[in-house]
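Q: Handing you a structure now.
The values are calculated or read from the model by the stated rules, or taken from the named source; none is laboratory data. Keep in mind that what you see is a predicted model, and the values were worked out from it rather than measured. Cβ atoms come from the backbone with ideal geometry, glycine included; neighbour counts cover every protein chain shown. These area figures cover heavy atoms from the full protein model, side chains too; ligands, DNA and RNA do not enter into them. Shrake-Rupley method; radii C 1.70, N 1.55, O 1.52, S 1.80 Å.
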Amino acid sequence: MGARRAADRLHGAVADRLTATGVLLVGGASERFGSPKALASFRGETLAERGWRTLGALCDEVVAVGKVGDGLGLPFPMLDDGADERAPIFGVIAGLRAAAHEACVVLPVDCPLVGTELLRRLAEAVAVPQTGPLPGVYTKTMLSELEARVERDALSLRGVNPNVVEVDDTQLLNVNTPTDLVVALAAALESPDDQRPVASPDEAALLDLETDFWATALWAGRKLRKGEVFLAVDAVNGSLKRSLVTLMSWHALAVDPRTEVRDGGKWIDRWADPGALTALESAYARYDLRDAARALWATVDTFQGLAEETSRRFMFDAALDRPELRGQLARVVRDPRQRG
């Protein structure tokens with residue numbers, strides 16, 4: 001009955017956040033990892049920051065539990081679990097005792113692929129995944145069982161919450177070693193967060209993209225003129241291509257707003273203009289001065305053509321003088337595809 005009442009409260013919460021307490025288990029000694037896992041960097045943030053952010057996006061209260069004596073220096077407060085030993089059960093008990101709500105969504109710091117949608121599923125079912133007790137949802141009605149286990153020195157969480165939800169095992173990857181972290185990073189590149197749909201640009205966004213593209217193209221041209229092949233090739237194959245792919249996505253939406261375009265070139269072969277895709281095949285540079293110049297101009301040709309058509313279809317004003325910018329680039333680096 002306690003789990004059912006908790007589920008009723010969760011289902012009655014506002015759409016974005018649940019009336020629940022998020023409990024971040026900051027972790028143990030991290031002996032296999034070699035350093036505190038909570039401070040390991042993952043896509044621009046520490047694992048601790050990632051877990052805190054994930055829970056904060058779902059729950060209207062978040063507490064972090066760990067060993068204050070570890071001196072991790074986290075950018076948010078941490079509650080000491082009050083135990084001499086290290087085991088997740090102590091963090092769950094401390095979190096439940098401190099929580100303002102009946103239900104706690106418990107997330108270990110070393111599960112970086114667990115996102116809000118998975119936690120929401122567990123929260124709404126007041127459940128744990130089929131692989132084990134964490135991450136999972138625990139309620140204050142389970143405190144007596146947890147405390148009894150500690151009394152008899154049985155520190156496992158298994159079976160405390162009998163409700164189980166089947167979830168994708170890959171999302172539950174536990175980072176115990178630096179190698180695990182690399183595997184998690186690779187898996188994160190295929191996460192739903194990296195498959196966001198693209199929205200049509202406004203006039204200012206297109207102008208910003210074009211401005212950045214032409215500035216980078218002129219910079220790459222100057223590097224070619226100085227013989228700095230590496231920097232030029234890096235710009236042509238890197239930043240200029242990223243700008244081109246963004247423009248290709250906006251062009252696809254300009255042609256048909258119903259097109260399912262994904263961010264970062266995801267599934268580009270499905271939605272991009274066939275002519276632009278063909279041009280893209282020959283717009284990458286080898287590590288060679290002449291070929292870098294050729295690829296630079298091939299990229300410029302494709303970008304300029306798409307920019308003109310995209311502007312026309314969206315009925316944007318041409319804020320940049322594209323022929324003049326093309327002339328500026330020609331004065332810096334010659335197009336090797338032209339004879340004479």
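Q: Quick one: accessible area per residue over the chain, 1.4 Å probe, rounded to a whole number of Å²?
A: Details: 16930 Å² over 340 residues.
Per residue, the chain has 50 Å² of solvent-accessible surface.
Q: Roughly what % antiparallel, to the nearest 5, for the DSSP beta bridges in the chain? Display every interim value, and only then the final one.
A: Numbers: 7 of 22 bridges.
Just about 30 percent of them are antiparallel.
Q: Which residue fluctuates most in the GNM of the chain (Cα springs below 10 Å): Ala272, Ala215, Ala188?
A: Maximum among the listed residues: Ala215.
Q: Along segment 94-108, what does the Karplus equation 6.51 cos²θ - 1.76 cosθ + 1.60 (θ = phi - 60°) give for ³J(HN,Hα), rounded to whole Hz, x for Gly and Pro?
A: 4, x, 5, 5, 8, 5, 7, 10, 5, 9, 10, 8, 9, 10, x
Q: Same structure, new question: What's the center-to-center distance, using Cα atoms, between segment 271-340 and segment 70-124 in Å?
A: 52
Q: For a Förster distance of 45 Å, can you work out the FRET efficiency between the beta-carbons of Glu124 and Asp202, rounded to the nearest 0.05? Numbers along the way, then the final one.
A: On the way: r = 37 Å, r/R0 = 0.82.
It comes to 0.75.
Q: Determine the relative contact order of segment 89-223: mean sequence separation of Cα pairs under 8 Å and six or more apart, normalised by residue count, in whole percent. Show your work: numbers first, answer last.
A: Numbers: 131 pairs, mean separation 33.1, N = 135.
Relative contact order, segment 89-223: 25 percent.
Q: Which of the three applies to the chain, rounded, prolate or oblate, going by the alpha-carbon gyration tensor with a ≥ b ≥ c and a/c under 1.5 meaning rounded?
A: Note, shape of the chain comes out prolate.
Q: Charges at C-beta only: +1 for Lys and Arg, -1 for Asp and Glu. How large is the resulting dipole of segment 136-181 about its Cα centre, in Debye rounded to 20? Walk me through the numbers before you get to the answer.
A: Working: 4 positive and 8 negative charges, 40 e Å.
Magnitude of the dipole: close to 200 debye.
Q: Ranked highest first by average number of other Cβ atoms within 10 Å, how do 285-298, 49-62, 253-266 line up?
A: Working: 285-298: 19.5, 49-62: 21.1, 253-266: 15.1.
Taking the mean over residues of other Cβ atoms within 10 Å, the ranking is 49-62, 285-298, 253-266.
Q: Do you know the relative contact order of the chain, to the nearest whole percent, from alpha carbon pairs under 8 angstrom that are 6+ apart?
A: Working: 516 pairs, mean separation 45.5, N = 340.
In percent, rounded to a whole number, it is 13.
Q: So how strong a dipole does the chain carry about its Cα centre when Lys and Arg Cβ are +1 and Asp and Glu Cβ are -1, to the nearest 20 debye? Walk me through the numbers before you get to the answer.
A: Details: 40 positive and 49 negative charges, 186 e Å.
Using Cβ point charges on Lys, Arg, Asp and Glu, the chain gives about 900 debye.
Q: Residue-wise, which Karplus ³J(HN,Hα) couplings in Hz belong to segment 241-256, taking 6.51 cos²θ - 1.76 cosθ + 1.60, θ = phi - 60°, and x for glycine or proline?
A: 6, 5, 5, 5, 5, 4, 5, 4, 5, 5, 4, 4, 6, 5, 6, 8
Q: Now a separate question. Between Val183, Val106, Val128, find the one with the highest GNM mean-square fluctuation for the chain; connect C-alpha pairs within less than 10 Å.
A: Greatest mean-square fluctuation among the candidates belongs to Val183.
Q: Find how much the distance from Asp16 to Trp267 grows on full extension, using 0.36 nm per residue of separation minus their present alpha carbon separation; answer in nm with one decimal. Kindly include the intermediate steps, with their values, before the conclusion.
A: Numbers: separation 251, 0.36 × 251 = 90.36 nm, distance 2.89 nm.
Computed gain between Asp16 and Trp267 is 87.5 nm.
Q: With the Cα gyration tensor of segment 26-146 giving a ≥ b ≥ c as the square roots of its eigenvalues, does the rule (a/c under 1.5 for rounded; else a/b larger than b/c for prolate; else oblate) give rounded, prolate or oblate? Before the final figure, lay out the partial values.
A: Values: a/c = 1.57, a/b = 1.21, b/c = 1.30.
Oblate, since a/c reaches 1.5 and b/c is not below a/b.
Q: Mind checking which of Ala318, Asn161, Gly132 is farthest towards the positive end of the chain's charge dipole, using Cβ charges of +1 (Lys, Arg) and -1 (Asp, Glu) about the Cα centre?
A: The listed residue farthest towards the positive side: Ala318.
Q: Once amide H atoms are built 1.01 Å from N in the peptide plane, which residues 5 or more positions from Leu79, or in another chain, come under 5 Å H to H?
A: The list, which skips near neighbours in sequence, is Ala64, Val65, Gly66.
Q: Here is a further query. Test of understanding: what is the full-extension gain from Glu281 to Glu147, defined as 0.36 nm times their sequence separation minus their Cα-Cα distance? Present the calculation step by step, with values, prior to reporting the outcome.
A: Working: separation 134, 0.36 × 134 = 48.24 nm, distance 6.32 nm.
Result: 41.9 nm gained on full extension.
Q: Right, another one. May I ask which residue of Ser249, Val68, Asn176 lies farthest towards the positive end of the charge dipole of the chain, with charges of +1 (Lys, Arg) and -1 (Asp, Glu) on Cβ and the Cα centre as origin?
A: Ser249
Q: What distance in nm separates the two pseudo spin-label positions at Glu308 and Ala100, each 7 Å out from Cα along the beta-carbon direction?
A: Reported label-point gap for Glu308 and Ala100 is 6.0 nm.
Q: With only Lys, Arg, Asp and Glu charged, each at its Cβ (+1 for the first two, -1 for the last two), find how big the charge dipole of segment 162-269 is about the Cα centre; round to the nearest 20 debye.
A: 740
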